[in-house]
Amino acid sequence: MRAVSANLLALLFLCTCACVFYVWSRLESRLERYKRGLQLPSSFHVGPSPDISAKTFRALLAVPVAQRLHLGGRLDVRNVTGVRDQIGSLGNRDYHMNVDNKGSVQRGVPAKVGSLVEGIFWSEWLEAQLPASFSEEHARAWRERARGHRIVRLEPGCGRISNQLATFSDGAKACVRYGINADQVQGETLTYYLANLLGITNLPPLILAQLNVDSEQWASVRRRIGGLQWSERAVVSLTEWVPNLTGVVTPAPLRQESKGLRPLQGELGNKTTAELFELMQWTDLIILDYLSANFDRLVSNLFSLQWDSRVMERETNNLLRTPRGDLVFIDNEAGLVHGYRVLDMWEKYHSTVLGSVSVFRKRTAQRVIELHRRRDTRTRLLELYRDSEPLSPELGFLSYEHAGVLQNRIDRLYKHISHCKEEYHQL
């Protein structure tokens with residue numbers, strides 16, 4: 001009996017020790033995370049905890065199909081383009097060199113009532129105050145510079161581990177996307193050129209490169225490429241790395257409890273100029289994501305409302321803001337190719353998001369109307385892609401089936417714009 005009692009006491013003692021050790025280790029882990037948070041410069045933006053929405057397709061994107069029904073634990077639902085890694089970058093920071101005196105408008109003051117919208121379009125007065133985020137001249141110069149300089153360092157800093165933050169010999173930086181499959185690099189690249197075709201300038205400049213450790217461009221990072229187990233001759237995308245970016249929360253007019261973004265002076269007249277500028281860019285974002293069927297931004301947030309009622313109050317996936325107020329659309333790999341393959345799952349959410357917008361940038365709408373009338377979206381996108389990207393034959397283009405889906409979505413968007421014109425009496 002004494003032996004049994006002694007054994008029970010010993011077992012109880014061991015269990016107590018184990019519990020104390022577990023609690024202590026958890027406290028130590030939290031303290032360490034807290035200390036790391038204190039070490040961040042004050043200008044860094046700290047995002048939400050990554051476990052708030054592990055069920056979003058953002059987390060499922062990189063997981064093999066066979067495992068998607070058995071997910072457990074925490075998954076990183078962000079894929080930020082290295083914005084928190086090195087604020088002291090030597091890279092190029094003149095991404096908005098096209099800013100002129102028009103960009104000096106006071107953004108924090110209330111806008112002029114009566115000059116905000118013209119029918120269903122943002123007014124010419126507002127359009128004139130909002131210059132391009134990445135001008136065509138800047139993008140062309142960046143692409144030439146990126147193709148002409150050696151990569152001297154690769155390091156983490158662009159979201160998932162398969163992506164890397166590259167430093168060029170001139171100190172500039174870029175995010176290198178090595179796709180888990182070819183769809184991701186193709187989706188990222190073709191979405192960039194679709195945005196170009198529509199006149200949407202919020203995507204950082206992009207080039208393609210082919211991995212070749214014997215070439216001058218990649219020779220300095222040969223060992224790093226080997227350690228990453230990147231395949232020789234794989235085609236990767238490089239996008240300009242922009243420092244000092246912060247997260248963006250979905251504006252109130254585009255949340256589920258709102259009536260949507262409508263061209264009504266009474267609803268827009270109390271907005272500041274900065275808020276209106278941001279809403280203008282959101283309308284372009286929604287058009288681009290609808291056409292490319294990119295579910296990995298606002299649509300995934302809408303999907304996540306099923307279990308996270310406050311998801312719209314948190315930062316939107318793959319959307320960042322510069323200190324000047326420009327929105328930057330990053331990580332567009334889910335667009336076009338993969339987005340079209342899983343379109344049946346997401347279409348009702350895409351339609352809901354598109355239906356929340358009834359005011360547009362006139363230039364963007366005119367491009368859509370032209371593509372609808374000429375019905376040559378595939379031809380024009382392919383020509384732009386081939387003329388701009390020497391490696392386009394290596395990466396490939398949309399299948400005829402997916403090109404048909406794109407044209408169909410152009411046509412649907414045209415009908416939506418026409419419906420909005422009728423609803424708000426715009427001829």
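The values are calculated or read from the model by the stated rules, or taken from the named source; none is laboratory data. A quick note: this is a predicted structure, and the numbers were derived from the prediction, not measured. Reconstructed Cβ throughout: ideal geometry from the backbone, glycine too, with neighbour counts over all protein chains shown. For accessibility, only protein heavy atoms count, side chains too; no ligands or nucleic acids. Shrake-Rupley method; radii C 1.70, N 1.55, O 1.52, S 1.80 Å.
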Scanning region 328-359 for residues that are hydrophobic (A, V, I, L, M, F, W, C), crowded, with 20+ Cβ neighbours inside 10 Å and not in a helix (DSSP H, G or I) gives V328, F329, I330, A334, L336, V357, V359
Of the residues in region 179-208, those that are β-branched (V, I, T) and either under 16 Å from Q164 (Cβ atoms) or modelled with pLDDT under 95 (or both) come to I180, V185, I207
In region 360-382, anything assigned to a helix (DSSP H, G or I) and either in contact with a Ser or Thr (Cβ under 7 Å, 6 or more places away or on another chain) or open to solvent by 60 Å² or more (accessible area, probe 1.4 Å) (or both) is listed as K362, R363, Q366, R367, E370, L371, R373, R374, R378, T379
Cβ pairs under 9 Å, 6+ apart or interchain, first in region 392-411 and of a type in the set (V, I, T), second assigned to a helix (DSSP H, G or I) and surrounded by 12 or more Cβ atoms within 10 Å (Cβ to Cβ), ordered by first then second residue, are V405/Y340; V405/L343; I410/L291; I410/V368; I410/L371; I410/H372; I410/T377
Within region 248-262, residues in a loop (DSSP other than H, G, I, E, B) and open to solvent by 40 Å² or more (accessible area, probe 1.4 Å) come out as R255, Q256, E257, S258, K259, R262
Output for Cβ contacts, cut-off 7 Å, separation at least six or different chains, first residue not assigned by the TED database to the domain that holds N202 in region 303-321, second among the aromatic types (F, W, Y) and not in a strand (DSSP E or B), reads F303/F57; F303/Y349
Quick count over region 168-190, residues being without any contact (Cβ under 8 Å) to a residue 60 or more places away in the chain and either assigned by the TED database to the domain that holds Q366 or assigned to a helix (DSSP H, G or I) (or both), is 0
If you go through E267, E216, E275, E232, the only one that is more than 21 Å from D183 (Cα to Cα) and in a loop (DSSP other than H, G, I, E, B) is E216
Expected single match for within 18 Å of the chain's Cα centre (by Cα) and under 26 Å from Q265 (Cβ atoms) among L354, L336, L320 is L354
Review point. Just wondering, is there one or more residues in region 222-238 that are surrounded by fewer than 20 Cβ atoms within 10 Å (Cβ to Cβ) and within 16 Å of the chain's Cα centre (by Cα)?
Key: no
In region 264-289, residues that are of a type in the set (D, E) and within 30 Å of L381 (Cα to Cα) total 3
query = If you go through region 398-410 one residue at a time, do you hit one that is assigned by the TED database to the domain that holds H350, open to solvent by less than 20 Å² (accessible area, probe 1.4 Å) and over 25 Å from Q184 (Cβ atoms)?
reply = no
Out of (1) under 22 Å from T322 (Cα atoms); (2) modelled with pLDDT of 95 or more, the one P131 does not meet is (2)
Does Q306 satisfy the criteria of being closer than 19 Å to E347 by Cβ and surrounded by fewer than 19 Cβ atoms within 10 Å (Cβ to Cβ)? yes
In region 128-149, residues that are within 21 Å of F277 (Cβ to Cβ) and out of contact with any helix residue (DSSP H, G or I) (no Cβ under 9 Å at 6 or more places or on another chain) total 2
Check: Is region 191-203 home to any residue that is assigned to a loop (DSSP other than H, G, I, E, B), within 20 Å of E155 (Cβ to Cβ), touching a residue at least 40 places away in the same chain (Cβ under 8 Å) and open to solvent by 10 Å² or more (accessible area, probe 1.4 Å)?
Finding: no
Of the candidates R177, R147, the one satisfying the condition of being surrounded by fewer than 17 Cβ atoms within 10 Å (Cβ to Cβ) and not β-branched (V, I, T) is R147
